[in-house]
Amino acid sequence: MAVPLGPVGSGPGSSRLRVSGFVLLLVFVVAASASRDLSSKDARKNQESENKTNSSHHKKLFPVLSFNYEHVRTPFEISLWILLALLMKLGFHIIPRVSGVVPESCLLIVVGLLVGGIIKAIGEEAPVLDSKLFFLYLLPPIILDAGYFLPIRPFTENMGTILVFAVVGTLWNAFFTGGMMYAVCQIEGTNLGGVDLLSCLLFGSIISAVDPVAVLAVFEEIHINELLHILVFGESLLNDAVTVVLYHLFEEFTHAGTVTVGDAFLGVVCFFVVSLGGILVGAVYGILGAFTSRFTSHTRVIEPLFVFLYSYMAYLSAEVFHLSGIMSLIACGVMMRPYVEANISHKSYTTIKYFLKMWSSVSETLIFIFLGVSTVAGPHTWNWTFVVLTVVLCLVSRVLGVVGLTYIINKFRIVKLTKKDQFIVAYGGLRGAIAFSLGFLLTNHQMKNLFLTAIITVIFFTVFVQGMTIRPLVDLLAVKKKKESKRSINEEIHTQFLDHLLTGIEGVCGHYGHHHWKDKLNRFNKAYVKRWLIAGERSTEPQLISFYNKMELKQAIMLVESGSSAKLPSALSSVSMQNIQPREPPSGRIIPKISKGREEEIRKILRGNLQKTRQRLRSYSRHDLMIDPFEDNLSEIRFRKQRVEMERRMSHYLTVPANRQEAPPLRKVRFESDHQVYSSDGAESRGPGRSPGRSPGRSPGRSPGRSPGSPDAVSLLDESSPRANHRRADRAEGDAEPRADAPDDQEDQDQLKLSRCLSDPGPKKDEDEDGSFLS
Amino acid sequence: MGSSSSALTRVPQAEQLMQETGFSPAHIVRLFDRFEFLDKERRGELRPQDFGAVKELAMNPIGDRIIGAFFPPGQETVDFPSFVRVLARFRPVDKNRSRDPTQPEPVNSRTGKLKFAFQLYDQDRDGKISRAELLQVLRAMLGMQVTEEQLQSIADRAIQEADLDQDDAISFEEFRKSLEKVNIDHKMSIRFLR
């Protein structure tokens with residue numbers, strides 16, 4: 001259905017268009033849910049008519065068009081909901097003013113409320129945020145996304161603080177809230193006497209946990225500095241263990257009725273089992289995943305799936321034993337990541353990144369919308385005292401907890417937490433959908449509705465009030481923001497240097513601190529683990545080199561995509577050339593300098609030939625459109641630019657050093673990840689040296705229709721260059737026959753020609769090319 | 001550890017050291033114990049060989065540089081006060097230090113720490129990290145696992161990124177600038193020394 005979302009403009013016409021777009025969407029949704037009714041009636045009618053026909057043996061006409069909605073109902077509805085959620089998300093970003101002020105989560109809840117309201121108004125039953133749906137399908141992608149991309153360094157540096165906040169803080173919240181609730185409930189005038197201590201504690205444990213989904217949704221938009229972000233976020237992840245234990249504990253107790261000291265002790269033991277067990281399960285799956293990725297060099301396409309499936313299995317396995325699924329997922333992601341990233345191709349890495357972001361984005365959107373819908377749908381018991389008390393107590397206990405704990409923690413921290421930091425940590429303790437789902441899971445508890453109402457109110461309060469005001473508060477308090485910057489190689493070098501330095505100094509002092517253990521872990525990792533889990537040569541590659549390679553690759557891709565004729569760091573190529581020159585015999589490795597005029601000429605010739613072929617084909621093809629001459633020129637210019645780029649990259653290839661110089665590793669290069677694009681120039685040197693004057697001998701059967709000027713060709717350069725090298729390696733290895741042409745990439749051919757041209761500028765080259773092109 | 005005041009009397013120049021470096025008495029005593037542990041022959045001063053007893057330094061790629069940092073240029077031995085002064089740089093930064101412009105900046109401030117690190121790179125003490133010096137450090141850290149050309153490329157790129165005045169070397173200011181995003185206070189402090 002075409003939603004008339006026009007171009008972004010601020011005129012009244014376009015906003016009216018958008019509003020009408022939304023209204024149409026909502027109507028559509030309503031129609032879909034209403035059609036459920038229709039279809040069921042339809043099914044009955046069909047049945048009746050079937051009976052009639054059976055009884056009368058009367059031949060039915062062949063149904064040209066029939067309506068069978070039941071058949072596709074479930075996937076249809078699911079897709080419709082997801083589509084609705086995403087269109088809403090799209091809509092918010094088009095409206096400029098609102099998205100700056102109100103965080104997306106609020107808007108989504110409002111939409112959920114609206115949709116829920118509409119559905120209820122037409123008398124249909126609204127879908128509720130089913131706990132199973134939430135815990136099994138909606139939550140894992142978000143947590144995996146968070147865990148896989150968790151910044152490890154700040155996380156481990158602040159691990160102590162995070163753990164204290166997560167464990168002690170949550171316990172404090174739960175008991176304080178529960179206890180105070182009970183105390184107030186005992187007061188006569190509130191007619192809440194039915195709420196006993198255990199129920200209060202159960203309620204406290206549900207409402208006390210900071211929610212990772214809500215925190216992510218809000219904190220991502222305010223770009224706060226890394227320390228605070230990791231503190232609040234880490235806490236929200238790690239408090240899952242506490243929540244799980246407390247929840248199950250109190251639920252059991254409310255069913256059992258009495259509590260003994262032994263039970264309490266078992267509860268503590270249970271906590272350790274749940275958290276450590278979860279981490280263990282996750283780590284095991286993580287290692288399995290890393291090990292599997294070692295062997296995927298031949299089947300790159302399914303690499304991302306391994307990551308996703310192993311992680312999901314880790315989550316589910318932990319849930320089987322009532323261990324902490326979230327911690328298991330985080331452990332799996334953290335464990336897997338360094339090894340998997342060393343093994344998989346660049347494309348798989350991008351795929352994993354984008355799929356995770358995509359799924360977590362969809363999940364988050366759906367969660368908030370469903371939260372809104374469930375609010376409208378669910379049965380509510382409103383009790384002013386209870387609800388207001390809950391909100392107040394949550395705030396108070398959070399603030400008290402944070403302040404108290406920080407006072408203790410600061411005695412052990414090197415970089416202390418200031419009052420501003422404490423305020424943000426306290427204010428950022430948002431509650432979210434996990435609390436709601438846990439409340440929903442309560443089975444036949446007589447206070448369930450009351451609890452649910454209170455939980456929803458707290459969630460709304462934290463998400464709306466705290467979520468909306470945190471951004472202006474951050475600006476007001478001038479809290480340090482995240483510095484958007486890329487890591488430079490200097491930072492990397494110096495950080496490693498400082499690590500070594502500090503380890504040494506700790507050794508001198510005789511103090512086994514942070515750095516000492518980190519160093520030991522690194523050595524263990526390098527000596528044993530990496531050898532098992534990383535394929536091939538990458539296992540001995542030091543981190544600095546991988547980092548450097550990644551940076552170079554990124555820069556090259558950026559240059560190619562921007563299509564500019566900007567030079568690659570000329571200092572780099574010229575200096576490395578200087579370095580290489582004295583060492584190596586002039587074996588054709590070094591491109592002789594040719595004059596600018598000559599270069600121009602060569603380019604003109606190439607261009608001319610390619611143009612000729614294109615023209616020729618045009619006259620053949622019957623389905624050809626009249627090509628706009630302007631467009632032709634444009635693509636010409638782009639083509640030329642990209643050719644210049646290719647040239648420069650070629651010169652870069654030839655000057656950046658290879659890992660090894662012998663032949664055998666060249667074979668390896670073919671199958672290795674695209675990272676190794678740079679280390680395969682040995683073959684190229686042989687190519688030009690070998691074949692002056694030899695005609696390429698290719699049949700002109702190639703399809704120059706796919707002009708190298710297309711962006712595909714250039715972005716395929718990554719892929720094609722290993723293949724190109726593969727061809728050249730074959731040639732160099734003594735394959736003297738001109739190959740019968742595979743329908744091969746023209747840029748492959750062109751690269752070769754370029755290198756030949758540049759090393760060997762003779763007029764007879766032209767004839768060769770002419771001959772090959774036009775024959 | 002017994003009463004610290006009596007233990008403190010063993011330590012030479014304890015009062016002056018405490019004032020200069022800001023260490024507490026307990027720390028001074030602890031460092032003195034460590035000093036005596038390293039100084040097996042009880043000579044009252046340490047030589048480079050004594051540092052060899054520390055296992056971690058032997059395995060450390062820049063271990064020799066660290067040892068060298070303890071000995072001022074030309075001297076073969078280091079006594080306890082100098083030992084403490086070097087280690088004082090790794091004390092965590094005092095957040096609420098009064099910013100008195102007349103007082104010299106304490107040795108464990110961010111600048112002091114960076115200067116120490118810079119001197120470890122800059123062995124010939126000319127105030128700049130030249131390409132050769134950077135290469136030496138890289139070679140030490142990366143060892144046998146990379147080829148010479150890769151080292152050269154990395155060094156080139158590092159200098160290119162950091163070198164703002166185009167003199168093909170990294171001065172202290174450039175060094176400081178390239179590390180401005182790193183939390184040096186956290187990174188170069190040892191918790192023990194508080």
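For residues that are assigned to a helix (DSSP H, G or I) and within 9 Å of chain A (Cβ to nearest Cβ), scanning just segment B:156-173, find the one that is nearest to residue B:57 (Cα to Cα). Once the filter is applied, the top-ranked residue is B:158.
Just a yes or no: is a residue in segment B:124-142 more than 11 Å from chain A (Cβ to nearest Cβ), surrounded by fewer than 20 Cβ atoms within 10 Å (Cβ to Cβ), among the polar types (S, T, N, Q) and in a helix (DSSP H, G or I)? So far as segment B:124-142 goes, yes, one or more of its residues are more than 11 Å from chain A (Cβ to nearest Cβ), surrounded by fewer than 20 Cβ atoms within 10 Å (Cβ to Cβ), among the polar types (S, T, N, Q) and in a helix (DSSP H, G or I).
Residues that are more than 21 Å from residue B:25 (Cα to Cα) and either open to solvent by 10 Å² or more (accessible area, probe 1.4 Å) or away from every other protein chain (no Cβ under 11 Å) (or both): find the helices (runs of 4 or more DSSP H) completely inside segment B:48-99 holding 1 or more of those.
On the way: elements: B:48-51, B:55-59, B:63-70, B:80-88.
The qualifying helices (runs of 4 or more DSSP H) are B:48-51, B:55-59, B:63-70.
Tell me, which residue of segment B:1-44 that is within 26 Å of residue A:500 (Cβ to Cβ) and acidic (Asp, Glu) is modelled with the lowest pLDDT? Top of the filtered list is B:39.
Apart from one condition, residue A:131 fits all of (1) touching a residue at least 40 places away in the same chain (Cβ under 8 Å); (2) more than 25 Å from residue A:271 (Cα to Cα); (3) not aliphatic (A, V, I, L, M); the exception is (2).
On the stretch given as segment A:474-496, residues that are away from every other protein chain (no Cβ under 11 Å) and crowded, with 16+ Cβ neighbours inside 10 Å total 2. Against the condition among the basic types (Lys, Arg), within 12 Å of another protein chain (Cβ to nearest Cβ) and on the phi < 0 side of the Ramachandran plot, how does residue B:30 come out, does it pass? Taking the combined requirement at face value, the residue satisfies it. Listed by first and then second residue, the pairs with beta-carbon distance under 7 Å, at least 6 apart or on different chains, first residue in segment A:252-267 and at positive phi, second modelled with pLDDT under 80 and surrounded by 11 or more Cβ atoms within 10 Å (Cβ to Cβ), form an empty list.
Pairs meeting the criteria (first residue in segment B:160-185 and farther than 14 Å from residue B:117 by Cα, second residue among the acidic types (Asp, Glu) and part of a helix (DSSP H, G or I), beta carbons under 7 Å, at least 6 apart or on different chains) are B:162/B:174; B:163/B:174; B:164/B:174; B:181/A:491.
Identification of helices (runs of 4 or more DSSP H) wholly contained in segment A:120-207 with 3 or more residues that are farther than 30 Å from residue B:183 by Cβ and modelled with pLDDT under 90 yields A:170-186, A:197-207. Residues of segment A:497-556 that are among the hydroxyl-bearing types (Ser, Thr, Tyr), more than 8 Å from every other protein chain (Cβ to nearest Cβ) and within 28 Å of the chain's Cα centre (by Cα): A:539, A:546.
The values are calculated or read from the model by the stated rules, or taken from the named source; none is laboratory data. All figures in this text were calculated on a predicted structure; none of them were measured in a lab. Every residue, glycine as well, gets a Cβ built from its backbone with ideal geometry; the counts of neighbours run over all protein chains shown. The area values use the complete protein model at the heavy-atom level, side chains included, leaving out ligands, DNA and RNA. Shrake-Rupley method; radii C 1.70, N 1.55, O 1.52, S 1.80 Å.
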